Structures are given as structure tokens and as C-alpha cells.
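Remarks on the structure that follows.
The values are calculated or read from the model by the stated rules, or taken from the named source; none is laboratory data. Just so we're clear, the structure is a prediction, and the values are computed from it rather than from any experiment. FYI the Cβ positions are ideal-geometry reconstructions off the backbone, even for glycines, and counts take in every protein chain you see. Just the protein is used for accessible areas: all its heavy atoms, side chains included, with ligands, DNA and RNA removed. Shrake-Rupley method; radii C 1.70, N 1.55, O 1.52, S 1.80 Å.
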Amino acid sequence: MRLLTSIADMRAFSQQARAAGRSLGLVPTMGSLHEGHLSLVRQARRQCDAVVVSIFVNPTQFGPSEDFARYPRNLDRDLETLRPFRVDVVFAPDTAEMYPTMFETYVVPGEAAKPFEGASRPGHFRGVATVVLKLFNIVRPDIAYFGQKDFQQAHVIRRLIEDLNLETRLVICPIIREPDGLAKSSRNAYLNAEERQAATVLSRSLKRARELVHSGRSETADLLAEMRAVFAAEPRAQLEYAAIVDPLELESVERVFAGCVALVAARVGSTRLIDNLILASPGVSDDMLIQLALTARPITTPQARIPGLETDVLRLKIENCRDCAALSSIRLPPSEFLTKYVKRDYPDLNAVRVAIIGRDAPIHAANFLYHSPEASNRFVAALLELVGARNFDEFRRRFVLTDALRCHCTAPHVPEKALAHCARHLREELKLFPNLDTLIVLGEDACLQAQRHLLGRDDREIRPFNDLVKKEGWGEEEVRIAVLSDRPFRVFYCYHPTYGYTRSPSLAPLLR
Ligand code: AMP
């Protein structure tokens, strides 16, 4: 782990990394690191070849009466904290390095920065957007990691990336909390013992809103009244705002829909704290909640299949999705499949004759076939049955389940360019197995995609899934796949083993 303090050294490192083809992740922080920050570092480590953590208490995002001077700083301790995380560089410039005396150019965000934190802290997001753009220009990261904890900040940065055509992708990670619910924050250090206890009022009020939503209530006015009641019972805290907003526009909503965000800010003693919670049905994981917040819209037009999905923000996210930009629940970058699973599970690449193309059923990586092959979840069991393998060991001797096409890019409403992005990874994966002669395509989305991106068919040539699978529940074609080899391939189309209600019969007799 190298400590760099000059912009020139930082640039040199990132230029070298790029020249070596290494992907670069940036975790911007103001130091005084805690588990919240470390969760971002872990995610960056999972997804990028090289990880840079910046530590810079940015003066331009503090108002004149705010806590810039007393903000906790302890670089030595932060370096110790980061040491076990295999961070490549800690970039910790001083103020003069980032803001020399002649400095005079700022990034001024628009509507995204006006309500809530923007209203309470005039100029705050101007400072945030300016320093983030500077950091992006210095480090040139492929992916930057931010916390849901600062939900509006993430929203402002999304706009920054989109509006200024930045190439850095954004990943937002869930809020890390203390056991009693208080969101971890460097500012928690300001709280005395009594205030620390009182500070749980923020998360308690949010949880109250969530409980009500889970019990079927959706009128925002009622939910906010209940949240305020939680604050009213805590005299040490002064509520600054409580709101329930549409996550894409940050506008207050009258009725909650899945993905709406409850936001609170309050003073506890002299310490200003913020927190938020994404609302949805019970049992939805943190990852999924973030995804919902980034994609969900209320159903307003009866004809629309997925109303509101075609927003610019979402298009951008989906374009980038395969490497997880913003869709943080998808945790397997292609490099992980190529380097980790292929190396571990496929010592003889020549032996594999059949590639299975289609999205693994679980969205969470922990359930991905190659993560826990013997777990025998619904998808794995149905997949083994489909191909006639008794267990994973037997499976991997002849078959490979490609990791591509398993993200939301496979949904039919997703723009073409995003699908092409996925397909590129699919081709890379397939090329690793030189003796493939059979493809099994799982489900309707993959059927469309395989025809378009592997077989090179245009819209008129694409054969509809239902025509292909016919009454038997599966269909077969013999094809040439120019992008892979000049050998003929057999392609079997069948229902996805866990999506939908119809199952294909086992293909085992056909695969001998
Ligand atoms: P800060 O050092 O406060 O500027 O935070 C740096 C990054 O860490 C920001 O993207 C924050 O949203 C994120 N972060 C701070 N606290 C938490 C937390 N409790 N959980 C997850 N992320 C957090």
C-alpha cells in the first residue's frame, strides 16, 4: 500500500495501471475510517484490479459555521485500518495541493442539489461535486464507490457523471450500522454518551416508517407523522427534515412505492446527523433495495410494460451494468468468472463441449452456481436435471454455465447497446473453451440475445422463442457462429429452469 500526497504521483500510478490494463476503483473518503468506508473498499477490491482510497477533508463542502476545523483527522490510524485490505494507493493530498491559491473554478450541480442537504447546507454539494470531479480527473477510476448513507450525494454524483459525460461508473453500497441501528459516521465521534443513545432516534424513526409500510400503509403523510412522533419522544434530538421521496428525482411522493427513500436529518446536541432507508416489501435484501431505488418507478401508465424505465439515468446505469455500475447487487464482474471460476473449476478447457447460456436465477452472487456448487438451490437442481448431471463435479466435466447474460441486461426492455455489452463478455467466455460444439440457451431473453449477438441475426431473422420451443418444450437448430469458430454448433433452446411455469424436459438423451 502506497501513500501518495501529490497529484503528479497519483496520476503516474493511475496511468501505469491503465497501461497495464488494470481496472481501477476509487473510494473517496474524508478519512476517520469506519466499517461504512471499509464496506466500500471491500466492494472495490472485489470488482477492480487496483484500488485507490482517497482521504481528503474537503474544505469547499463545509459551510463557514460548520465543523471543518474540528472534523476528526487521523491519517496514521486510517493507514493502519486500511493495511489488511490490500489497497494499492491511499491518496491523501493536503489542501494546498487540491486548492492552490489561484483556484477559482467550481462545479455547480442543479436541481439534485437543492432540497434537503442542499437547503440545510448551502454550497455543500458545489464543494462535493467539485472535489469529486477533481478526484475523478486525477485518479481516472473505472468505478467509484459511494455509500447509500449519503443518498442525496450519490444522487448528485449520478447527475454529475451523466451531465458531464464522465466515464467513471458509480457503485452505491448499502448503509453499515451499529448494532443498535445508528448509521456509522465519522461524526458519531462528536456524541457524548447520552447523545449517542439519543442518536438512534434517526434509525428508529426510519424503521417505524418501514414497519408501517410492511403493514400495508402507504400514505406518506401518515408515515411522516409517525416518524415525527418518534422524534417528539426524544428531547435530545431536533428533527431538521423528514421526507419520503421518489429515488430518481428526490421529489416528495404522496404514496410510497417500492424503492422510495425515507430521508431524515437531525441535530443531536450540536452534532448534525443524517440517515435514510429504502422502502419496499419485507424480506428484500439491501442489495435489491438499492437496485429498486435506482430503477423503481410508480406505475402510472397502464399500457407501459415497465413504466418510466427508459430514463436517461437508468439507461446509463444499465449500459454499464455488467461491470456493476450502480447496480451494485450484481457482484460478479466478468473478470471474476474468467480468472477465478474457470481457473478453479475447469483445469481442462478442452474437455468442455457444451456451454449453457442464460442468467443464473439468483441475483445475489452468493447463490451463483460457481460460488456454492453443492448448495443445490432451485436453479442448480433444475439445471443439473436439465443436462443430466448428478452433481457439480459431473457437470463441470462436460458443461460450462457462462456467467454472461445473467444481469438485468437480459430483460427485453433494456437498450440494445447494453445487451451488446453483455454479449461481448459472453463471447470472451465462450472463446475460452476451444472444443465447444453445443449451446443450451435458457429462457426467452437469452434466446433473443443469443440469436442477435452470437448468431448475428437481425430483427427479421430472429426466430421467436415460442416458435422455437414448440410443444415439446425445447427446440434445436444447427448453426454457424462466425464470432466463435467455423465449426457447426447445435443449439438447444429451452425454458429457463426457474423462471416461468413451464419446464423443458431433460435434454440428457440428446447430449450424449
Ligand atoms: P465520508 O468520509 O463521510 O465523506 O464518506 C465517504 C464515503 O463513505 C461516502 O460515499 C459515504 O456515503 C460512505 N459512507 C459513510 N458512512 C457510511 C456507512 N455507514 N455505510 C456505508 N457507507 C458509508
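Brief remarks follow.
- Residue count for region 160-171, restricted to those that are buried (at least 18 other Cβ atoms within 10 Å of the Cβ) and either polar (S, T, N, Q) or near the ligand (Cβ under 8 Å from one of its atoms) (or both): 1
- Note on region 126-220: enclosed helices (runs of 4 or more DSSP H) holding 3 or more residues that are closer than 30 Å to residue 108 by Cβ and touching a Phe, Trp or Tyr at 6+ places or on another chain (Cβ under 8 Å) are 151-163.
- Scanning region 184-201 for residues that are among the aliphatic types (A, V, I, L, M), within 15 Å of the ligand (Cβ to nearest atom) and surrounded by fewer than 24 Cβ atoms within 10 Å (Cβ to Cβ) returns 189, 191.
- Condition met for residue 27 (over 23 Å from residue 340 (Cα atoms), within 16 Å of the ligand (Cβ to nearest atom) and surrounded by 22 or more Cβ atoms within 10 Å (Cβ to Cβ)): yes
- Residue 148 vs. criteria away from the ligand (no atom under 14 Å from the Cβ) and either open to solvent by 50 Å² or more (accessible area, probe 1.4 Å) or closer than 24 Å to residue 50 by Cα (or both): no
- For region 30-65, filtered to residues that are surrounded by fewer than 21 Cβ atoms within 10 Å (Cβ to Cβ), in contact (Cβ under 8 Å) with a residue 60 or more places away in the chain and not in a helix (DSSP H, G or I), the residue that is farthest from the ligand (Cβ to nearest atom) is 49.
- For region 172-181, taking the residues that are touching a Ser or Thr at 6+ places or on another chain (Cβ under 6 Å) and touching a residue at least 60 places away in the same chain (Cβ under 8 Å), the one that is surrounded by the most Cβ atoms within 10 Å (Cβ to Cβ) is identified as 172.
- Single residue of 18, 22, 11, 77 found to be without any contact (Cβ under 8 Å) to a residue 60 or more places away in the chain, of a type in the set (Lys, Arg), surrounded by fewer than 19 Cβ atoms within 10 Å (Cβ to Cβ) and in a helix (DSSP H, G or I): 77
- Selection from region 80-106 of residues that are assigned to a loop (DSSP other than H, G, I, E, B) and within 25 Å of the chain's Cα centre (by Cα): 86, 87, 88
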